[in-house]
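Coordinate-derived values only; no laboratory data. Just so we're clear, the structure is a prediction, and the values are computed from it rather than from any experiment. Every residue, glycine among them, receives a Cβ derived from its backbone with ideal geometry; neighbour counts consider all protein chains shown.
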Amino acid sequence: MDSVNRRSVLVFGLAAAVASPALLLPTAAAAQRYHADEGKQIAPGVRRVELSKRASEISAYKALSMVDVVFQPKSKFANTAMANDMVCQCLEGELVIDQGMGQWVAKANDVWSCRKGMPETTENRSDSVVGIMRVINLAT
């Protein structure tokens, strides 16, 4: 560069300003991937990974906890009665959910709830894709 003048500085500044948002804008969040042996096994091919727990500010509940349930391909878990109310979200894959009123498919980003005492069977019917269900437990 033999000479730097106001025009070249302005051009470099504009180029940097245009490129910056592409570098600084948040990217879409992706579900954290787990190792096949991470967490506690609760059924063949199904593991529970504890994430967080704290006191609740909602008067009906004493504590909140968050866990991920990781379903390897072709795995299934049946819970005959939920221990407490909860909110669930399918983070990854597709999970077949049966709460005793017929089956439905939860796809990535679907959300649903379960009440205390409700049964639920969750199954990953995929041949190759891991399914992850995020659970927020609302404990009384």
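The relative contact order of segment 40-139 comes to 35 percent, based on Cα pairs under 8 Å that sit 6 or more residues apart.
For the pair Glu38 and Ser59, label points projected 7 Å from Cα toward Cβ lie 3.9 nm apart. Fully extended, how many nm does the chain gain between Asp110 and Thr80 (0.36 nm per residue separation, minus their Cα-Cα distance)? The Asp110-Thr80 span can extend by a further 8.6 nm.
Of Phe71, Phe77, the sequence from fewest to most neighbouring Cβ atoms within 10 angstrom is Phe77, Phe71.
Net charge dipole, segment 40-139: roughly 320 debye, given to the nearest 20, about the Cα centre with Cβ charges of +1 for Lys and Arg and -1 for Asp and Glu.
Straight-line reach from Lys116: taking Cα to Cα under 15 Å and skipping same-chain neighbours fewer than 8 places apart, the aspartates and glutamates in range are Asp85.
Rank these for me by crowding, Asp68, Asp127, Asp110, going from fewest to most other beta carbons within 10 Å.
Asp127, Asp110, Asp68
Could you tell me what % of all Cα pairs in segment 40-139 have separations over 23 Å? Value for segment 40-139: 20 percent of Cα pairs lie more than 23 Å apart. Local charge for Met82 was computed over the other residues whose Cβ lies under 12 Å away, with Lys and Arg +1 and Asp and Glu -1, and equals 0. Net charge of the neighbourhood of Val96, taken over other residues with C-beta under 15 Å away and scored Lys/Arg +1, Asp/Glu -1, is -3.
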